[in-house]
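> I'd like to ask you about the structure that follows.
The values are calculated or read from the model by the stated rules, or taken from the named source; none is laboratory data. Since we're looking at a predicted model, the values are computed, not measured. Methodologically, a virtual Cβ is constructed for each residue, glycine included, from the backbone with ideal geometry; neighbour enumeration extends over all protein chains shown. Remember, those area values only see protein heavy atoms, side chains included, never the ligands or the DNA or RNA. Shrake-Rupley method; radii C 1.70, N 1.55, O 1.52, S 1.80 Å.
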Amino acid sequence: MIKLPDADGELTAYEPSTTPSVFVPGGPAVTSRTFFAAPHVIVDPTAGNEPYTPPVLDWEATLKYRHHIWSHGLAVSEALDTAHRGMGLGWLESSELIKRSAAEAHAVGGKIAGTAWTDQLAHGEHTLEEVIRAYEEQIEVIEGAGAQVILMASRELAAVARGPEEYADVYRRLLSQLRQPAIVHWVTAEWDPSLTGYWGSTDIDEEIKTFVSVITDNKDKVDGIKVAPLPGEREIELRRAVPEGIKTYTGDDTNYPEVIAGDDRGHSHAMMGVFDPLAPIIAAAGRKLDAGDVQGFRDLIAPTAELSMHLFEGPGMNIRFYKTGFTFLSWLSGTQDHFRMVWGEQAARSVSHLAKAYRLADGLGLFPDPELAAHRLSAFLVTNGVE
């Protein structure tokens with residue numbers, strides 16, 4: 001038995017599972033949906049990696065983790081916020097990450113997409129042409145590495161673009177250059193206030209209207225779209241509004257089981273951070289869909305939503321520390337050897353939060369070696385003063 005602390009500091013006895021996970025790697029890739037996991041990075045535990053210092057990654061461990069994702073039949077969406085993009089990793093580190101990951105993907109036949117942003121620009125005012133050139137620089141690196149492009153909404157573009165027409169012109173120019181269709185990724189102002197007014201309006205309905213128009217006008221260069229956060233019902237409306245053949249990648253960390261299952265009018269694909277820790281279960285669920293077993297898919301994936309909601313909980317900006325839970329579960333699972341993070345973010349979540357993450361993951365049968373997970377959890381609790 002292990003005594004786990006709750007949010008009030010009370011200790012409750014918990015009996016860990018003793019049955020190894022049945023979600024083993026090596027199965028066929030999921031085919032009925034495209035599932036992108038956005039994986040975290042693994043740091044060198046002997047390096048500083050203190051707040052606001054350049055990150056020092058353990059490249060071997062980081063790339064090995066991407067092999068873990070591919071081994072379960074999922075794709076990798078590289079250098080998104082799960083990989084500390086904008087919270088430790090700048091474009092210099094991100095470009096290296098994309099190039100190294102893409103080389104590994106090609107070696108094993110894994111699917112990969114890399115994120116083009118404009119984060120190499122220094123803080124301050126920029127012209128529209130400077131923003132476009134920044135996008136083009138990153139696109140060139142990503143396509144040069146042989147990866148698909150994820151075209152991320154730009155804070156610098158939001159600061160300089162005037163009206164829907166300028167946004168449409170920028171995206172038309174960028175998309176027209178691509179060797180293969182891109183995934184257009186828009187984070188709304190709800191999650192990133194610096195993107196207020198994106199697409200030339202502060203009204204979400206008008207923003208979506210312009211967004212759909214841009215996607216429609218460039219449909220031959222768009223593989224899919226992702227908008228986050230977007231409630232399930234709004235995502236379904238958007239999915240039905242874009243041209244046929246363009247995928248909608250959900251990022252809804254609560255309703256993903258339902259929108260992926262879909263209905264007689266369509267379904268969503270997925271590009272999600274939470275598929276990082278959940279990759280083995282997500283892959284197994286996806287194979288149920290491949291076999292036409294929708295109920296089997298729901299039975300496997302629905303219970304994961306509670307863990308997802310827990311990992312992303314928190315008031316205000318605390319939600320951005322979801323990566324701490326991802327890394328903790330990776331350590332417990334044995335897919336990495338330590339619990340250290342970029343900028344010391346391993347300390348960003350409470351002991352009770354991480355203890356609950358363990359309990360939920362254990363209940364899902366997520367740990368390949370439950371004894372190792374329980375041993376590492378016990379060590380973590382002791383070093384944090386919980387006897």
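> For residues that are over 18 Å from Thr82 (Cβ atoms) and either open to solvent by 20 Å² or more (accessible area, probe 1.4 Å) or assigned to a loop (DSSP other than H, G, I, E, B) (or both), tally how many sit in region 348-359.
Within region 348-359, residues that are over 18 Å from Thr82 (Cβ atoms) and either open to solvent by 20 Å² or more (accessible area, probe 1.4 Å) or assigned to a loop (DSSP other than H, G, I, E, B) (or both) number 5.
> Continuing with this model, one more query. Is it the case, given these coordinates, that Leu278 is open to solvent by less than 10 Å² (accessible area, probe 1.4 Å) and closer than 30 Å to Gln336 by Cα?
Yes; evaluated as a whole, the condition is true for this residue.
> From Ser201, Ser154, Ser176, grab the single residue that is within 22 Å of Trp91 (Cβ to Cβ) and hydroxyl-bearing (Ser, Thr, Tyr).
So the residue among Ser201, Ser154, Ser176 that is within 22 Å of Trp91 (Cβ to Cβ) and hydroxyl-bearing (Ser, Thr, Tyr) is Ser154.
> Sticking with this one: Could you list, in sequence order, all residues of region 187-202 that are out of contact with any Leu (no Cβ under 7 Å at 6 or more places or on another chain), hydrophobic (A, V, I, L, M, F, W, C) and not in a helix (DSSP H, G or I)?
Trp191, the sole residue that qualifies.
> Go through region 78-107 and count every residue that is open to solvent by less than 10 Å² (accessible area, probe 1.4 Å), closer than 13 Å to Gly146 by Cα and among the hydroxyl-bearing types (Ser, Thr, Tyr).
Here the count works out to 1.
> Could you list, in sequence order, the residues of region 171-188 that are among the charged types (D, E, K, R) and in contact (Cβ under 8 Å) with a residue 60 or more places away in the chain?
Correct list: empty.
> Additional query: Against the conditions (1) open to solvent by 60 Å² or more (accessible area, probe 1.4 Å); (2) in contact with a helix residue (DSSP H, G or I) (Cβ under 9 Å, 6 or more places away or on another chain), where does Val30 fall short? Just the number, please.
(1)
> For Trp331, only one of the following conditions fails: (1) outside any helix (DSSP H, G or I); (2) of a type outside the set (S, T, N, Q); (3) without any contact (Cβ under 8 Å) to a residue 60 or more places away in the chain; (4) closer than 24 Å to Trp59 by Cα. What is its number?
Exception for Trp331: condition (1).
> Are there any strands (runs of 3 or more DSSP E) wholly within region 1-113 with 1 or more residues that are closer than 28 Å to Ser378 by Cβ and touching a residue at least 12 places away in the same chain (Cβ under 8 Å), and if so which?
Values: elements: 2-5, 11-14, 35-37, 75-78.
Result: 2-5, 11-14.
> Mind checking which pairs have a first residue in region 124-137 that is touching a residue at least 40 places away in the same chain (Cβ under 8 Å) and crowded, with 16+ Cβ neighbours inside 10 Å and a second that is in a helix (DSSP H, G or I) and aliphatic (A, V, I, L, M), Cβ under 8 Å, 6 or more apart or different chains?
Ile132/Val170; Ile132/Leu174
> Right, another one. Only one of Glu244, Glu237 is more than 22 Å from the chain's Cα centre (by Cα), in a helix (DSSP H, G or I) and among the charged types (D, E, K, R). Can you tell me which?
Glu237
> Can you tell me which of Glu156, Glu137, Glu190 is touching a Pro at 6+ places or on another chain (Cβ under 9 Å) and closer than 18 Å to Gly86 by Cα?
Glu190
> Filter region 145-194 for residues that are touching a Lys or Arg at 6+ places or on another chain (Cβ under 8 Å) and open to solvent by 40 Å² or more (accessible area, probe 1.4 Å); which is nearest to Asp220 (Cα to Cα)?
Pro181
> A follow-up question, please. Any idea which of (1) open to solvent by 20 Å² or more (accessible area, probe 1.4 Å); (2) closer than 17 Å to Leu364 by Cα; (3) modelled with pLDDT of 95 or more is the one Leu311 doesn't satisfy?
(1)
> If a residue has to be open to solvent by less than 10 Å² (accessible area, probe 1.4 Å) and under 23 Å from Pro25 (Cα atoms) to count, how many in region 332-347 make the cut?
2
> Restricting attention to region 361-379, which residues are farther than 15 Å from Met1 by Cβ, touching a helix residue (DSSP H, G or I) at 6+ places or on another chain (Cβ under 7 Å) and either assigned to a helix (DSSP H, G or I) or of a type in the set (A, V, I, L, M) (or both)?
Just the residues of region 361-379 that are farther than 15 Å from Met1 by Cβ, to begin with: 361, 363-369, 372, 376, 379.
Pick out the ones that are also touching a helix residue (DSSP H, G or I) at 6+ places or on another chain (Cβ under 7 Å) and you get 361, 364, 366-368, 376.
Within region 361-379, Ala361, Leu364, Leu366, Arg376 qualify.
> Right, another one. Return yes when Leu300 is at pLDDT 95 or above, within 20 Å of Tyr358 (Cα to Cα), in a helix (DSSP H, G or I) and open to solvent by less than 10 Å² (accessible area, probe 1.4 Å) and no when it is not. Steps first, answer last, please.
Numbers: at pLDDT 95 or above: yes; within 20 Å of Tyr358 (Cα to Cα): yes; in a helix (DSSP H, G or I): yes; open to solvent by less than 10 Å² (accessible area, probe 1.4 Å): no.
Answer is no for this residue.
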